[in-house]
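Undergrad: Take a look at the following structure, please.
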Amino acid sequence: MALKLIKRFPVLGHFGIQRYPHVGPVCPSRLLSTGRVGQPLCVACLYTSAGSCIQTQGCKKLQPDRGRRTLTTIIREPSFVASSSVGLHRNSWPRFCLTQLHRPTAVEEESFQQRLGTCSSSRQVFSLLRSVEIMSDTMAAAALHRVADLEQAGNSLKDPTVLENDTIRALCFQLEEDSRRLTDAGVVSALQACTRLFLDPWSTLMVRLVSESQERLDRGEMSVGQLCTLGQAMQAMEGPGCVMLEQVMEQIQKEKPAQWSLADLIAVYRLLQGGVAEDGQYRHMLNAMHTRAVTVTSCMDPTAVSGLLSALVTLNQMQAMPLVISLCKQAVRHVPHFTDEELTVVLGALMHFGHSDHYFVEAMERHVPTVVFTSHPETVTKVCQFFGRRNILSPTVFDAIAESFVYRADDYSTSQVARQIMALGKLGYLPPNAGDIFRKVEKILHSRFSHFQPRTLLNLLHSCTLVERFPVNFVAKVFSSYFLQQLQDQGTGMDRIVLAQLTQLYLTLKLECPFYEGPKLHPKYRIKSFLMPGRSLETPIDIHLYNTVKMGLVDLLGARAYFGSKVLTPYCYTLDVEIKLNEEGYVLPASQNEDVHKRIALCIDGQKRFTTSKRQLLGKEAIKQRHLRLLGYEVVQVPYYEFETLRDKTSVVEYLHQKIFPHTYRLSW
């Protein structure tokens, strides 16, 4: 068995780790290797060139075996985080009995789990453990998991000294002593709990649990859920390249997803999400899992819905849209019951997959106003982002968030402040308390200007201009060479969208703030067109709508030569259609540039230029039309919802005539 473990756990083999017999007292730092004959070395000694020990308590080779066990901390791979040592006294109180002969009843285990779930501190968990006379190995592992839930803080424990508690030391001692008698579920769950508590992987307890897990794995009798638990534990210890993990995945692939329970299905998704499935691995198994998941979506609770959507995002399963749609429908039922963290994940996933559901939006409109003052700032921000990204203008949601913003903005991060204002700018919406909001924004900019990341600040200021709020007091700093250098050094540098925002910000000051006399944007940072592939400050024209309008214009004006299409102006904006008139009001050929007295900019606004729930122009389209008017164009808007009601060629021509030349009698051609 030791040979099998060494083969599958190569780092252990390097140090000559042997499998220990399960009898007799064992020294806390069990000797893992030997140097000269008769001269034992501890693990810490192995990490020093001269064999001198680096442990703070002194080298164990110089200390007698006093029957004390410790889970020491040594140098680890980057994937494992160090923790303080855990001492295991052989005769520690309390003494736990993990019997398999007279296991607690199902009712007793369920009662223990419920009481464990109510514990809000490790001290309460220890008190509960001391009140239980007999427990199963799964109950013991659950207690360790609960301590991990309460103490984990990122990649470390909030209070590492919690591992020095006599109760947890005694429990770990008993798991070590009884490792051969533990059930498969108990072994893998205890191993995973130890990884979550960041225990030393070279400790006797961890080595024995790994050894036992390998032995059970070789038998090939573990359930899918147990395999996933083992896989997650080995992933935490060795990373996704672990040999045991590969063996786990081989056994999971032999099972049929169509026969898995919901719990097993979620467990496999979570395991794959941890980094096992990379570069398109397990594609066929994932497709089979998606098919199975669609059939059980209606049984999923809020945690399952959130967890599965999170896994789909991490695995970037864009082909799983039927499952995403099904999960979104199920999420409608759970909107009032999601935790802040779960709702944040759900909204992020729906944005990632570009999906929104009418019923989900309605559920959010009912839910958000009731929790907007108490929800986590990131959750509130994610709500704004979701509605903004999906172009959904909901006054109910945004008015509630705007009201809370005035009271809570001081507690928001600079990123959260910017993202909420960006959503308003994207939709071109001003809440009723807009004055209070932007006074608050100005106050935050004054007090925390240096805290903003350069791109975040630019996004915020640009979004303000979309809703006619002009940050005159701050653009001088934005146009400074120092700030522009910061922009260039950050992230993707000066990409075209950044240059477009800077250019439009500069144009806004020129047109709408003529009193501004501060620094100007250097010409090398200005672009010539706001219309770009991908993300753009202008929405491309709807080709189908344009072709219909074009045919009507030919009939109205008499020839195609009398209007230009997709005309780039000297002011960076692209006109859908431009019509030129002379001083007497006659239409000039599009190619003529002399004697032009008036220019008409025809904005053929398709559905994508409006919010999805209201017939309101998006912020970037509203500012474009506003600027064109200030530049001297007569802007004529042709919205899709008016044009699509026209039934025949005659009605199209009459409509365009009334729109473009409302005071002119039309002669028949």
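The values are calculated or read from the model by the stated rules, or taken from the named source; none is laboratory data. If you're wondering where the values come from, they're calculated on a predicted model, not measured in any experiment. Cβ: placed from backbone, ideal geometry, glycine included. Neighbour counts: every protein chain shown. With ligands, DNA and RNA removed, areas are computed over all heavy atoms of the protein, side chains included. Shrake-Rupley method; radii C 1.70, N 1.55, O 1.52, S 1.80 Å.
Undergrad: What is the extension gain from LYS649 to HIS597, computed as 0.36 nm multiplied by their sequence separation minus the C-alpha to C-alpha distance, in nm to one decimal? Write out the running numbers ahead of the final one.
TA: Details: separation 52, 0.36 × 52 = 18.72 nm, distance 3.01 nm.
Length gained, LYS649 through HIS597: 15.7 nm.
Undergrad: Please arrange ASP200, ASP648, ASP184 by accessible surface area, largest first, computed with a 1.4 Å probe and ligands excluded. Intermediate results must be reported in sequence, preceding the final value.
TA: Details: ASP200 0, ASP648 85, ASP184 35 Å².
Greatest to least solvent exposure: ASP648, ASP184, ASP200.
Undergrad: Sorted by accessible area with a 1.4 angstrom probe, largest first, how do LYS614, LYS550 fall?
TA: LYS614, LYS550
Undergrad: Give me a comma-separated list of calculated 3J(HN,Hα) values for the stretch 391-403, in order, Karplus coefficients 6.51, -1.76, 1.60 applied at θ = phi - 60°, integers in Hz, x for any Gly or Pro.
TA: Using θ = phi - 60°, the values come out as 6, 9, 8, 10, x, 4, 6, 6, 5, 5, 5, 5, 5 Hz.
Undergrad: Now a separate question. Only four residue types carry charge here, +1 at the Cβ of Lys and Arg and -1 at the Cβ of Asp and Glu. Report the dipole size of the stretch 499-616 about the Cα centre in Debye, rounded to the nearest 20. Intermediate results must be reported in sequence, preceding the final value.
TA: On the way: 16 positive and 12 negative charges, 121 e Å.
Using Cβ point charges on Lys, Arg, Asp and Glu, the stretch 499-616 gives about 580 debye.
Undergrad: Out of the GluC sites (Glu not before Pro) in the stretch 505-543, which ones are loop residues according to DSSP with at most 11 other C-beta atoms within 10 Å? All intermediate terms of the calculation are to be shown ahead of the outcome.
TA: Numbers: sites: GLU512, GLU517, GLU538; in loops: GLU517, GLU538.
Answer by residue number: GLU517.
Undergrad: Set the bar at 18 Å for Cα to Cα. Now go through LYS580/LYS659; LYS382/LYS440; LYS528/LYS624; LYS440/LYS510 and name every pair that lies beyond it. Show your work: numbers first, answer last.
TA: Details: LYS580/LYS659 15 Å; LYS382/LYS440 20 Å; LYS528/LYS624 15 Å; LYS440/LYS510 25 Å.
From LYS580/LYS659; LYS382/LYS440; LYS528/LYS624; LYS440/LYS510, over 18 Å: LYS382/LYS440; LYS440/LYS510.
Undergrad: If r is the Cβ-Cβ distance from ASP399 to GLU215 and R0 is 56 Å, what FRET efficiency results, to the nearest 0.05? Show your work: numbers first, answer last.
TA: On the way: r = 62 Å, r/R0 = 1.11.
Working from the Cβ atoms, E equals 0.35.
Undergrad: How big is the accessible area of ARG130 in square angstrom, nearest 10, if you roll a 1.4 angstrom probe over the protein chains?
TA: Surface accessible to solvent at ARG130 totals approximately 120 Å².
Undergrad: Further question: Just to confirm a number: summing +1 for Lys and Arg and -1 for Asp and Glu over residues other than GLU584 whose beta-carbon lies under 11 angstrom from that of GLU584, what do you get? Numbers along the way, then the final one.
TA: Numbers: positive: LYS598; negative: GLU583, ASP595.
Once all neighbours under 11 Å are counted, the net charge is -1.
Undergrad: Once a ≥ b ≥ c are taken as the square roots of the eigenvalues of the Cα gyration tensor of the stretch 522-625, is the result rounded (a/c under 1.5), prolate (a/b larger than b/c) or oblate (a/b not larger than b/c)? Mind dumping the intermediate values first?
TA: Values: a/c = 2.14, a/b = 1.28, b/c = 1.67.
Oblate.
Undergrad: Applying the Karplus parametrisation 6.51 cos²θ - 1.76 cosθ + 1.60 with θ = phi - 60° to the phi angles of the stretch 326-338, what ³J(HN,Hα) value in whole Hz is obtained for each residue in order, glycine and proline being reported as x?
TA: Ordered by residue, 3J(HN,Hα) equals 5, 5, 5, 5, 5, 5, 4, 5, 9, 3, x, 10, 5 Hz.
Undergrad: Identify the chymotrypsin sites (Phe, Trp or Tyr not before Pro) of the stretch 596-668 meeting these criteria: DSSP loop state and at most 16 other C-beta atoms within 10 Å of the C-beta. Please list the in-between numbers first.
TA: Values: sites: PHE610, TYR633, TYR640, TYR641, PHE643, TYR655, TYR665; in loops: TYR633, TYR665.
Here the sparse-neighbourhood loop sites are TYR665.
Undergrad: Taking the full set of protein chains and a 1.4 angstrom probe, give the accessible area of THR379 in square angstrom, rounded to the nearest 10.
TA: 10 Å²
Undergrad: Identify the GluC sites (Glu not before Pro) of the stretch 235-326 meeting these criteria: DSSP loop state and at most 10 other C-beta atoms within 10 Å of the C-beta.
TA: Values: sites: GLU238, GLU246, GLU250, GLU255, GLU278; in loops: GLU255, GLU278.
In loop regions of the stretch 235-326 (DSSP not H, G, I, E or B), the sparsely surrounded GluC sites (Glu not before Pro) are GLU278.
Undergrad: Tell me, what is the FRET efficiency for MET494 and ALA434 to the nearest 0.05, using R0 = 41 angstrom and their Cβ-Cβ distance as r?
TA: Details: r = 32 Å, r/R0 = 0.77.
Between MET494 and ALA434 the formula returns 0.85.
Undergrad: Next question, about the same structure. Length gain on complete extension for the stretch SER156 to THR303, per 0.36 nm per residue less the alpha carbon to alpha carbon distance?
TA: Details: separation 147, 0.36 × 147 = 52.92 nm, distance 2.42 nm.
Fully extending the segment from SER156 to THR303 adds 50.5 nm.
Undergrad: Using packing as a proxy for protection, rank 575-584, 472-481, 143-152, 224-233 so that the peptide with the highest average count of other Cβ atoms within 10 Å comes first. List each step's numbers first, then the result.
TA: Working: 575-584: 17.9, 472-481: 16.3, 143-152: 20.1, 224-233: 25.1.
Highest mean packing first, the order is 224-233, 143-152, 575-584, 472-481.
Undergrad: Work through the residues other than TYR506 whose Cβ is under 9 Å from its Cβ and net out their charges, Lys, Arg +1 and Asp, Glu -1. Walk me through the intermediate numbers first.
TA: On the way: positive: LYS510, LYS520, ARG526; negative: none.
In short, +3.
Undergrad: If you don't mind, another one. Which of the peptides 345-356, 497-508 is most tightly packed, and how do the rest follow, judged by the mean count of other Cβ atoms within 10 Å per residue? Walk me through the numbers before you get to the answer.
TA: Details: 345-356: 19.5, 497-508: 21.2.
My ranking of the peptides, most packed first, is 497-508, 345-356.
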